[in-house]
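K.L.:
Questions regarding the structure given below will be posed in turn.
The values are calculated or read from the model by the stated rules, or taken from the named source; none is laboratory data. Worth saying up front: this structure is predicted, and the values here are computed from it rather than measured. Using ideal geometry, Cβ is built from the backbone for each residue, glycine included, and neighbour counts are taken over all protein chains shown.
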Amino acid sequence: MSLDSGPTSRVFFSQRLRLHYVDWGNPDAPPLLLLHGGRDHCRNWDWVARALRDDYHVVAPDLRGHGDSAWSESSHYTMANYVYDLAQVIHQQKLAPLSIIAHSLGGNVALRYTGIYPENVRRLVAIEGLGPGPKQNAQSDKTPIAERMRTWIDAQRALSGRRPHRYPTMDAAYARMHEANAHLSAEQARHLTQHGVNQNEDGTYSWKFDQYVRLWPAYDMTRDAIAELWSRIECPTMLVYGTESWARNPAEDGRADYFRNAEVLGVPGAGHWVHHDRLDFFLENVRRFLAAP
């Protein structure tokens with residue numbers, strides 16, 4: 001698929017950070033926001049955006065610390081910050097009420113935002129963005145806060161000395177991209193790499209994300225609080241997962257039960273990046289879902 005006719009790059013500000021988004025035009029159409037996952041960038045949605053741009057006003061932000069958005073000066077990335085950034089771009093660009101398609105970390109952010117502002121979202125597609133639910137016990141929940149904080153401090157300190165990997169050529173970065181997701185076609189891997197790296201002063205290439213985004217905060221909302229936000233979502237919601245991913249089926253483990261109006265879609269032959277691995281299948285179901293009365 002040719003991606004020659006691309007979007008327009010724009011910026012907005014949130015908590016003094018200069019954040020980037022792309023706008024695919026068609027401003028009179030219903031707004032549709034696409035939100036990427038961790039260590040990714042907004043141009044990973046290009047195939048989805050191009051397929052839907054004739055029917056929707058498609059906007060795709062770069063999360064703080066990702067893509068062409070600014071990095072946090074404190075090196076601290078919390079879910080509250082990500083949710084605020086999403087609230088800001090929707091508020092500033094007057095996109096509400098809108099539909100949202102979001103992946104992984106972006107899905108987690110979008111689900112929380114929609115629970116906070118249920119009146120602002122018409123339809124929501126969350127690809128493997130739920131995370132664990134209240135019924136899924138995790139060792140981290142039992143870890144005392146002092147121990148969690150010590151672990152976080154040690155990890156933060158270790159990341160401060162971590163030098164971003166430098167690839168000698170674009171082809172070397174492309175090879176790493178393809179290694180990370182064997183489902184990608186050569187065209188997809190090259191496109192994602194071209195938009196996912198910056199060239200360093202010495203001519204090498206590094207990925208466009210802050211190393212600190214790798215680190216999850218030492219504390220967050222409780223799982224019960226997150227599930228309460230899920231239960232506040234009023235709009236139809238599609239919970240998507242790849243059958244070849246590490247993600248679990250939310251209809252089987254009870255997470256889907258917290259939603260008022262949720263449809264679960266398992267995508268055969270897809271890993272974590274469902275919208276890359278089975279694009280046509282994904283688009284067919286998303287078009288149906290977004291267009292339903």
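K.L.:
When the residues of segment 168-185 are filtered to those that are modelled with pLDDT of 95 or more and small (Gly, Ala, Ser), which remaining residue is surrounded by the most Cβ atoms within 10 Å (Cβ to Cβ)?
P.N.:
Among those residues, the one meeting the criterion is Ala173.
K.L.:
For segment 57-88, enumerate the residues that are β-branched (Val, Ile, Thr) and surrounded by fewer than 20 Cβ atoms within 10 Å (Cβ to Cβ).
P.N.:
Passing the criteria: only Thr78.
K.L.:
Considering only segment 47-67, I want to know if a residue exists there that is assigned to a helix (DSSP H, G or I), farther than 21 Å from Ala189 by Cβ, touching a Lys or Arg at 6+ places or on another chain (Cβ under 7 Å) and in contact (Cβ under 8 Å) with a residue 40 or more places away in the chain.
P.N.:
There is no residue in segment 47-67 that is assigned to a helix (DSSP H, G or I), farther than 21 Å from Ala189 by Cβ, touching a Lys or Arg at 6+ places or on another chain (Cβ under 7 Å) and in contact (Cβ under 8 Å) with a residue 40 or more places away in the chain.
K.L.:
With Tyr113, Tyr82 as the choices, which residue is in a helix (DSSP H, G or I), over 25 Å from Ala291 (Cβ atoms) and either within 14 Å of the chain's Cα centre (by Cα) or of a type in the set (Val, Ile, Thr) (or both)?
P.N.:
One residue alone meets the criteria, Tyr82.
K.L.:
Mind counting the residues in segment 144-167 that are surrounded by 13 or more Cβ atoms within 10 Å (Cβ to Cβ) and in a loop (DSSP other than H, G, I, E, B)?
P.N.:
3
K.L.:
Which helices (runs of 4 or more DSSP H) sit wholly inside segment 180-293 and have at least 1 residues that are within 20 Å of the chain's Cα centre (by Cα), aromatic (Phe, Trp, Tyr) and within 25 Å of Tyr117 (Cβ to Cβ)?
P.N.:
Passing ranges, in order: 223-232, 279-291.
K.L.:
So which pairs qualify, if the first residue must be in segment 145-168 and closer than 18 Å to Trp207 by Cβ and touching a residue at least 40 places away in the same chain (Cβ under 8 Å), the second must be part of a loop (DSSP other than H, G, I, E, B) and of a type outside the set (Phe, Trp, Tyr), the Cβ gap must be under 7 Å, and the two must be at least 6 apart or on different chains?
P.N.:
Hits for this filter: Leu159/Leu215; Arg166/Asn200; Arg166/Thr204.
K.L.:
Still on this structure, please answer the following. Does segment 207-226 contain any residue that is small (Gly, Ala, Ser) and in contact with a helix residue (DSSP H, G or I) (Cβ under 6 Å, 6 or more places away or on another chain)?
P.N.:
yes
K.L.:
Are there any pairs with C-beta distances below 8 angstrom linking a residue in segment 193-206 that is under 14 Å from His41 (Cα atoms) to a residue that is of a type in the set (Val, Ile, Thr), with the two at least 6 apart or on different chains, and if so which?
P.N.:
Ser206/Val197
K.L.:
Could you check Ser5 against (1) within 27 Å of Ile226 (Cα to Cα); (2) surrounded by fewer than 23 Cβ atoms within 10 Å (Cβ to Cβ) and say which number it fails?
P.N.:
Tallying (1) within 27 Å of Ile226 (Cα to Cα); (2) surrounded by fewer than 23 Cβ atoms within 10 Å (Cβ to Cβ), Ser5 fails exactly one: (1).
K.L.:
Looking at segment 203-219, can you tell me whether even one residue there is exposed (fewer than 13 other Cβ atoms within 10 Å of the Cβ), closer than 30 Å to Ala146 by Cβ and either among the small types (Gly, Ala, Ser) or out of contact with any Gly (no Cβ under 9 Å at 6 or more places or on another chain) (or both)?
P.N.:
yes
K.L.:
So which residues in segment 173-194 are polar (S, T, N, Q) and under 16 Å from Leu279 (Cβ atoms)?
P.N.:
Once the filter is applied, which keeps residues that are polar (S, T, N, Q) and under 16 Å from Leu279 (Cβ atoms), segment 173-194 yields Asn181, Ser185, Gln188.
K.L.:
Restricting to segment 255-278, give me the number of residues that are farther than 24 Å from Val121 by Cβ and either among the acidic types (Asp, Glu) or surrounded by fewer than 19 Cβ atoms within 10 Å (Cβ to Cβ) (or both).
P.N.:
Adding up the residues that qualify gives 3.
K.L.:
I would also like to ask the following. Mind listing whichever residues of segment 256-291 are under 15 Å from Ser104 (Cα atoms) and charged (D, E, K, R)?
P.N.:
Answer for segment 256-291, where residues must be under 15 Å from Ser104 (Cα atoms) and charged (D, E, K, R): just Asp277.
K.L.:
Still on this structure, I have one more. Answer yes if at least one residue in segment 114-126 is surrounded by fewer than 24 Cβ atoms within 10 Å (Cβ to Cβ), in contact with a helix residue (DSSP H, G or I) (Cβ under 6 Å, 6 or more places away or on another chain) and farther than 18 Å from Glu284 by Cα, and no otherwise.
P.N.:
Scanning segment 114-126, I find at least one residue that is surrounded by fewer than 24 Cβ atoms within 10 Å (Cβ to Cβ), in contact with a helix residue (DSSP H, G or I) (Cβ under 6 Å, 6 or more places away or on another chain) and farther than 18 Å from Glu284 by Cα, so the answer is yes.
K.L.:
Next question. Suppose we keep only residues that are among the hydroxyl-bearing types (Ser, Thr, Tyr) and touching a helix residue (DSSP H, G or I) at 6+ places or on another chain (Cβ under 9 Å) within segment 89-113. Which one would you say is surrounded by the fewest Cβ atoms within 10 Å (Cβ to Cβ)?
P.N.:
Residue satisfying both the conditions and the ranking: Ser99.
K.L.:
Can you name the residue in segment 18-46 that is outside any loop (DSSP other than H, G, I, E, B) and without any contact (Cβ under 8 Å) to a residue 60 or more places away in the chain and, of all such residues, is surrounded by the most Cβ atoms within 10 Å (Cβ to Cβ)?
P.N.:
Only one residue fits best here, namely Cys42.
K.L.:
Then there is this: Please enumerate the residues belonging to segment 262-293 that are among the β-branched types (Val, Ile, Thr), free of Cβ contacts under 8 Å to residues at least 60 places away in the same chain and closer than 22 Å to Arg50 by Cβ.
P.N.:
Val267
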